[in-house]
Structures are given as structure tokens and as C-alpha cells.
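The values are calculated or read from the model by the stated rules, or taken from the named source; none is laboratory data. If you're wondering where the values come from, they're calculated on a predicted model, not measured in any experiment. A quick note on method: Cβ atoms are made from the backbone with ideal geometry, for glycine too, and the neighbour counts reach across all protein chains shown. Surface areas here come from the heavy atoms of the whole protein model, side chains and all, with no ligands, DNA or RNA. Shrake-Rupley method; radii C 1.70, N 1.55, O 1.52, S 1.80 Å.
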Amino acid sequence: MIRFVTQAVLTAVALWITAAIVPGIAVVPFAGEPPMNSILTYLLAAAIIALVNTLFGTVLRFISIPLYIVTLGLWSFVLNGLLLWTASLISSSWGWGLTIDRFWWSAVFGAIVLGFANWLVELVARAVGIGSRD
């Protein structure tokens with residue numbers, strides 16, 4: 001459980017970095033006290049991203065193995081963008097959460113930046129001693 005919470009916090013930080021860098025990606029906080037509502041919104045958006053990747057990502061990656069081979073792995077960018085787009089559709093349907101303007105330039109580029117930001121945040125966290133993988 002501690003590993004899941006740590007991973008959710010690290011993904012929320014990576015999502016915050018992604019929303020700051022990529023135009024067309026934003027996180028709309030729900031109503032509440034100003035600092036806490038944004039933090040909880042990022043954490044819930046990160047949980048939705050993790051849920052979408054767990055439920056749909058594994059199956060879609062397995063089904064699309066031929067596309068990975070034909071495109072020499074470039075299909076992964078499109079698939080990750082599709083999963084991020086799906087997470088934004090789910091979270092923004094409640095009126096808060098992750099919003100993405102366009103699929104190609106925002107979702108696909110956002111998925112690339114989110115993956116890199118997540119890697120960077122986990123690298124820094126491991127250097128500090130948070131979330132070390134056993």
C-alpha cells in the first residue's frame with residue numbers, strides 16, 4: 001500500500017510538470033480550499049491514469065504487438081497518448097481533472113513528456129531515498 005501511495009504521489013508530480021510544459025494539457029481542480037483541492041485533483045488524476053493503464057493498457061499493448069513490430073516501437077507513443085486521452089475523458093467528465101485539447105499534439109506529446117517526467121521524478125526520489133524499489 002505504501003508503494004502504491006508513493007507511486008501515486010510521484011506520478012502526480014510528473015503530471016504537474018507535464019501540465020506546466022505541454023500546451024493543451026491542464027488539470028482543473030475541483031471546488032475546495034485552494035492549495036488542497038489542487039493537490040487532491042493531481043493525486044486523483046494520477047490514480048485515474050494508473051487505473052486506465054492497468055485496465056486497458058496491458059490488453060491494448062498485447063493486442064497491438066504487430067503494430068509495435070511494423071512501426072519499430074513508434075506505436076507506443078500513439079498508444080500511450082490514447083491511454084492518456086482516455087484518462088482525461090474519464091476525469092474531465094466530472095467537471096474536474098485532466099483536460100487535453102487535441103489528441104495528436106497534446107495527448108501524444110503529453111504522454112512522451114509524462115513518461116520522461118515520471119522517470120526523472122522517480123530517479124530523484126530514489127536518489128533522496130524515497131520509493132526505492134526492493
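Here are the numbers:
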read-out: Derived scalar couplings ³J(HN,Hα) [segment 95-110; Karplus, 6.51 cos²θ - 1.76 cosθ + 1.60; whole Hz; x for Gly, Pro]; value: x, 8, x, 6, 10, 10, 6, 10, 6, 5, 8, 8, 6, 5, 5, x
read-out: Distance in nm between pseudo-label sites at Arg3 and Leu51 (7 Å out along the Cβ direction from Cα); value: 2.2 nm
read-out: Contour excess over end-to-end distance, with Cα ends at Trp94 and Ile21 and 0.36 nm allotted per residue; value: 23.9 nm
read-out: Portion, in percent, of the accessible area of the chain that falls on carbon or sulfur, probe 1.4 Å; value: 76 percent
read-out: Val70 versus Met36: modelled label distance in nm, points set 7 Å from Cα along the beta carbon direction; value: 5.2 nm
read-out: Contour excess over end-to-end distance, with Cα ends at Trp104 and Ile63 and 0.36 nm allotted per residue; value: 12.6 nm
read-out: Directionally averaged projected area (convex hull, Cα atoms, segment 5-108), nm²; value: 6.9 nm²
read-out: Percent of Cα-Cα distances greater than 17 Å, calculated over segment 61-134; value: 57 percent
read-out: Proximal charge balance of Trp85 [Cβ under 14 Å; K/R count +1, D/E count -1]; value: 0
